[in-house]
Amino acid sequence: MKDFATNYLKWFNQQSKVVKAVLCLLWDVPNNLARFCQSALKDNMVGMILAVVLGLFGGWIVFLIDLVCLLIKDKIYWLDDLGLEEMTENLFKSEEKAEPAKSAAQEEAPAVEAPEEEKSEEENN
């Protein structure tokens, strides 16, 4: 699977903007396959499932977004480009990191006093 994904992404990224835009007109199947391959290379199961779901049900919406992105940036945006890859990786982690305990100094921090102008206004009232 990873060999296919590597070869497909290499082939897809070598194409020109015009070829990618024409391929995008094919109901966005080549672009969704590229998304699937990106996720497969990173063993991101959520990304692979999302790529299949977008391919089956969201083709006409994603098609327009992909066409604009391809013509402007010559790139298909996916989870790692949007900063969502870390979030999807954390979905299936069984261990949750506990928050570090607050130190005594942090818990007993002194209250911040109001500036002198506010004090004088309060005293005048």
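The values are calculated or read from the model by the stated rules, or taken from the named source; none is laboratory data. Predicted, not measured: the structure shown is a model, and the values here were computed from it. Positions of Cβ are generated from backbone atoms using ideal geometry, with glycine treated the same way; all protein chains shown enter the neighbour counts.
Data for the structure
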{"quantity": "Matching residues in region 27-74 - criterion: being of a type in the set (D, E, K, R) and out of contact with any Gly (no Cβ under 8 Å at 6 or more places or on another chain)", "calculated": "LYS42, ASP43, ASP66, LYS73, ASP74"}
{"quantity": "Leading residue by the ranking (nearest to ASP43 (Cα to Cα)) among those in region 54-76 that are modelled with pLDDT of 85 or more and of a type outside the set (A, V, I, L, M, F, W, C)", "calculated": "GLY55"}
{"quantity": "Per-region count, region 19-42, residues at pLDDT 90 or above and at positive phi", "calculated": "0"}
